[in-house]
Amino acid sequence: MRIIGRRLLLYVLTAWVAISVNFLLPHLMPGNPIQTLIGKLQGQVTPQEIEAIRLSFGGGIDKGLLSQYFTYIDQLFHGNLGVSITLSSPVSTILKASVPWTIGLIGVSTLLSFLIGTVSGALLGWTRGSRLDALIPTATFFQAIPYFFLATVMLLIFGSNLHWFPVLGAYSQNLHPGWTWPFVASAFRYAELPVVSIVLSSVAGWMLGMRNMMITVAAEDFVLMSVAMGLSKRKVIMTAARNAVLPSIANLSLAIGLVVSGALLVELVFNYPGVGDLLLNAVQNEDYPLIQGIFLVITLAVLAANLLADVVYLALDPRTRTETVA
Amino acid sequence: MDETRTKNRILDLRNFSVDYGWGDGAVRAVDNVTMHVDRSTVVGIAGESGSGKSTLIYGFTRLLRAPGVIAGGEALFNLSDASASEGNFINLVTATESEMRRVRWSNISIVLQSALSALNPVLRVRAQFDQVLKTHRPHMSKSQRRDRTIELLALVGLNEDRLRRYPHELSGGQRQRVMIALALTLNPSLVVMDEPTTALDVVTQREIIGKLAELRSQFGFAMIFITHDLSLLVELADEIVVMYAGTVVERAPAQTLYDSPRHPYTLGLLSSFPPMHGARTELTGIPGSPPDLSDMPGGCRFHPRCPYAMERCARETPPLAQVTNESRSVACWLHAGDEDAAVPVELRRVGVERHPPLGAENAEGET
C-alpha cells in the first residue's frame with residue numbers, strides 16, 4: 001500500500017506539471033483567436049464590433065501571466081474550462097457530449113482487440129509451428145493496410161451495399177439520446193462496424209506480442225517443472241500465459257490512456273461524434289479553450305490509465321512489489 | 001534377474017537413445033545407454049557439458065523439448081512400493097500422456113540447477129505446493145495442504161514464515177531447499193537432481209548435500225544426481241556413472257571409482273577438480289574439448305583426447321564391459337584383457353587412498 005501511495009504522489013505531481021504546460025502552451029503559440037474570428041467575418045464588422053469581440057473574450061483586462069495562471073487553476077478546480085470560441089458553449093458541456101462516445105467506441109474496441117489478440121497469441125505461442133500460424137500473416141495484413149482504406153471499404157461493402165450494418169452516426173436519428181433501451185440498442189448496433197474495423201486493424205499487434213512472449217516463457221524452467229509436476233495441460237499453459245501476459249498489460253495501459261484522444265480516422269469515416277473530430281476543428285479554428293480542455297482530458301486520462309496499469313502490475317507481478325529504500 | 005533384484009529395481013534403462021532433430025539432420029545426444037537405479041540408492045552421473053547427462057534424464061522423464069526425441073530403447077520404471085512382493089514396471093518410453101501424468105511427481109520428481117528459474121515467479125511458496133497437492137491429492141482440505149507444506153518446509157530446515165514468500169524474496173540456498181521440499185511432497189520413489197548445487201556457493205552446497213543425504217536415509221527414496229563435480233558425488237553417491245559424448249564410459253561404486261578410476265576420461269575428470277581433503281595436487285584437466293555430436297570420431301569417442309590412445313582405439317568402439325572380478329564396468333580397450341595393451345600405472349591402482357584422513361593436510365604445509 002505504501003508503494004501505491006508513493007506512486008499516487010508522483011502522479012499528482014505529474015498532473016500538476018501537465019496542467020501547467022497545458023496552460024502555457026497557447027501562450028507560446030503564434031496566432032490570435034480574435035484575429036481568426038474577425039478574419040472569418042471577412043471585413044463585415046465595424047471597429048466598434050471588433051472592440052466588443054475583444055472585450056467579450058477578456059481583452060483589455062491585461063493581467064500578468066502568473067495571475068492568469070492562478071485564475072486558470074482556480075477555475076479548473078471549479079470545473080470551469082472556459083467557453084469555446086467557435087461553438088459558443090462551455091467547453092465542459094462540449095466534452096460531456098463527445099467524450100462518452102469516444103470512450104465507448106475506442107475503449108470497447110481496444111479491450112476487445114486486447115482480449116482476442118492476447119488469447120489467440122497465447123495459443124499460437126504454445127502451438128507454434130502448427131497450421132494455426134496462418135492466422136499471423138492474416139492479422140498483420142489487416143494491420144498493414146491503411147486504416148481509412150480498410151474502414152471505407154468495409155463501410156461500402158457491409159454498410160452501403162449489403163446493408164448489414166447501419167451507416168453514419170452513432171445512433172438512429174429517430175431516437176432521442178437517453179438511457180432508454182431502444183437508444184442503447186441502437187448505439188450498440190451503430191458501433192458494430194466501427195468496432196469490427198478497429199479490432200481487425202489492431203489485433204495483430206497484441207497477437208504477435210503475446211505469441212512471442214509465450215514462446216519465450218514456454219522455454220523457461222518453471223514451465224518445464226509444471227509439466228514434470230504432472231499438472232494438467234490447461235494448467236501448464238496457464239502457468240506460461242500468466243507470466244507471458246505481463247508486457248501486454250503494460251502496453252494495454254498505454255493504449256487505454258490514448259483511448260480518450262479518439263481515433264480521428266474512425267470518426268471521419270463513420271461520421272461518429274467524438275473527441276478526434278472535435279480536436280481537429282478546434283485546432284483549425286484556434287479555439288484555445290477547447291484545445292486546452294481536450295488536452296487536459298487526454299492528459300488526465302493517460303495519467304489515470306498509467307496509475308491503473310501500475311496497480312494492476314503490482315497485483316500481477318510480485319517482483320515489482322519490492323520496496324526500495326527512499 | 002532374480003526376484004528380489006527385480007522388486008528392488010526402480011529404474012532400468014535399456015539401450016536408451018535420444019536424438020536432436022529428425023532424419024538426416026539428427027544428431028545422437030544419448031547413444032545406447034544401459035544403466036539402472038535400485039531402490040534407495042544414489043546413482044551419480046558425471047561428465048562434461050554436452051556429455052548427454054542432462055539429455056538422458058530429460059529423455060526418460062519425457063521432458064525433452066523439441067527437437068529432442070527418444071530414438072530407441074526402454075525406460076522401465078517400477079511403480080510398486082518397497083513393501084510389494086514383486087515389481088510393477090511401466091515403460092516410460094511408450095506410456096501415454098495420462099499415464100505419464102500419474103507417474104510425474106508422485107513417483108519421479110525433479111530438482112533443477114537454478115531454483116530461481118524453476119519456481120514460478122508469480123506464485124507464493126505456499127501456492128507452489130498447493131498446485132502439486134491440488135493436482136495429485138484432490139481430496140486434501142486447505143488446512144491439510146497447509147500442514148503438509150509446513151511439515152515439508154521443516155524437513156529442509158525452513159520456517160513456516162516462508163510460506164507467504166515469493167521465490168525472488170528467498171536466498172539461493174532457501175530456494176533450492178524449497179525446491180527439494182517440493183520434490184518430496186508426494187513421497188516419490190525416485191528424485192532426479194540435475195546439478196542442484198552448481199548455482200550455489202560452496203558453503204551452501206555442503207549444507208544442501210548434507211540435507212539430501214539425511215533426507216534420503218529418512219525417506220529411502222532413490223536419487224539420480226547429475227554433476228560434473230566428481231569429488232562432490234563421491235560423498236553422496238553409491239554408484240557413479242561416467243558419461244562421455246552420449247555414452248557410458250565407466251560405471252563403478254562411488255569410492256572405488258574415485259580411488260581407482262579405470263577409464264582415462266574418468267581419471268581426467270578427477271584431475272580437473274581439487275580433492276575435498278588432502279594435499280594440493282596439480283590440476284591437469286583434459287586436453288581438447290568434447291566432440292561435435294554431428295561429427296563423432298570413429299572407434300572410441302575419447303581417443304582423440306586420450307593420452308593412452310592406441311592404434312585400435314581409432315578403429316573399434318570398445319563395449320562397456322565388466323572388469324574381471326570386480327563389480328564395475330568400463331568401456332576402454334586398455335582393460336579388455338588385451339596382451340598388447342600395457343595398462344598405465346594410474347589406471348591400474350587398486351584401492352589407493354586418495355585422500356588422507358582429515359587433519360593430515362596441516363602436516364603437508366606449503367607446496
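If you take the square roots of the eigenvalues of the alpha-carbon gyration tensor of the stretch A:220-326 and sort them as a ≥ b ≥ c, do you get rounded (a/c under 1.5), prolate (a/b over b/c) or oblate? Could the numbers behind the result be given before it?
Values: a/c = 5.89, a/b = 2.21, b/c = 2.66.
It comes out oblate by the Cα gyration axes.
Please work out the FRET efficiency for the pair A:Leu268 and B:Glu311, using the Cβ-Cβ distance as r and a Förster radius of 56 Å; give the result to the nearest 0.05.
Working: r = 85 Å, r/R0 = 1.52.
Once rounded, the FRET efficiency stands at 0.10.
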- Message: Averaged over its residues, how many other protein chain Cβ atoms are within 10 Å of peptide A:216-222's Cβ atoms?
- Response: 4
- Message: Report the number of Lys pairs in the protein assembly as shown whose alpha-carbons are under 29 Å apart, with separation of 8 or more residues or on distinct chains.
- Response: 14
- Note on the structure: Per the rule of 0.36 nm per residue minus the C-alpha distance, extending A:Tyr69 to A:Ile145 adds in nm 22.9 nm
- Query: So how much slack lies between A:Asn212 and A:Glu192, counting 0.36 nm per residue of separation and subtracting their Cα-Cα distance, in nm?
  - Reply: 4.2 nm
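Just subtract the alpha-carbon distance of A:Asn174 and A:Ile50 from 0.36 nm times their residue separation and send over the number in nm, one decimal. Spell out each step's value before the answer.
Numbers: separation 124, 0.36 × 124 = 44.64 nm, distance 4.13 nm.
My answer for the length gained is 40.5 nm.
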- Note on the structure: Once phi for every residue in the stretch A:216-229 is put through the Karplus expression 6.51 cos²θ - 1.76 cosθ + 1.60 (θ = phi - 60°), the whole-Hz ³J(HN,Hα) values, with Gly and Pro written as x, are 5, 5, 4, 7, 6, 4, 5, 6, 4, 5, 5, 5, 4, 6
- Query: Which angle between 0 and 90 degrees, to the nearest 10, do you get for helix A:2-28 versus the longest principal axis of chain A when only C-alpha atoms count?
  - Reply: 40 degrees
- For the protein assembly as shown, what does -39500 (n - 2.57) per DSSP helix run (n ≥ 4), summed and divided by total residues, give at 222 nm, in deg cm²/dmol to the nearest 500? -15000 deg cm²/dmol
- Note on the structure: Magnitude of the Cβ-charge dipole (Lys and Arg +1, Asp and Glu -1) of the stretch A:104-286 about the Cα centre, nearest 20 debye, reported as 720 debye
- Which distance in nm do the two modelled labels at A:Arg319 and B:Val345 give, with both placed 7 Å along the Cα-to-Cβ direction? 5.6 nm
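Would chain A count as rounded, prolate or oblate if I go by the C-alpha gyration tensor, calling it rounded below 1.5 in a/c and otherwise prolate when a/b exceeds b/c, oblate otherwise?
Values: a/c = 2.85, a/b = 1.55, b/c = 1.83.
Oblate, because a/c is 1.5 or more while a/b does not exceed b/c.
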- Message: Just to be sure I understand the model, the point goes 7 Å from the Cα along the line to the Cβ. What's the resulting A:Ser160 to A:Gln35 distance in nm?
- Response: 4.1 nm
- A plus B alone minus the pair: what accessible area, both sides summed, probe 1.4 Å, in Å² to 100? 2200 Å²
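What's the carbon and sulfur percent of chain B's accessible surface, probe 1.4 angstrom, rounded to a whole number?
On the way: 7840 of 16190 Å².
Carbon with sulfur: 48 percent of the solvent-accessible area.
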- Note on the structure: With Cα coordinates, the longest principal axis of chain A makes an angle with the long axis of helix A:47-56, in degrees rounded to 10, of 50 degrees
- Query: Along the charge dipole of chain A, Cβ charges K/R +1 and D/E -1, which of A:Ile4, A:Gly169, A:Trp16 sits furthest on the positive end?
  - Reply: A:Ile4
- Message: Along the Cα→Cβ direction, 7 angstrom out, place labels at A:His27 and B:Ala154. What is the inter-label distance in nm?
- Response: 7.1 nm
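State whether the protein assembly as shown is rounded, prolate or oblate according to the following rule on the C-alpha gyration tensor (a ≥ b ≥ c being the square roots of its eigenvalues): a/c under 1.5 gives rounded; otherwise a/b larger than b/c gives prolate, and the remaining case gives oblate. Could the numbers behind the result be given before it?
Details: a/c = 2.91, a/b = 2.56, b/c = 1.14.
It is prolate, given that a/c is not under 1.5 and a/b is the larger ratio.
The values are calculated or read from the model by the stated rules, or taken from the named source; none is laboratory data. Quantities reported herein were computed from a predicted structural model and do not represent experimental measurements. No Cβ is skipped: glycine too gets one built from the backbone with ideal geometry, and neighbour counts run over all protein chains shown. Side chains are part of the model used for accessible areas, which takes the heavy atoms of the whole protein and leaves out ligands, DNA and RNA. Shrake-Rupley method; radii C 1.70, N 1.55, O 1.52, S 1.80 Å.
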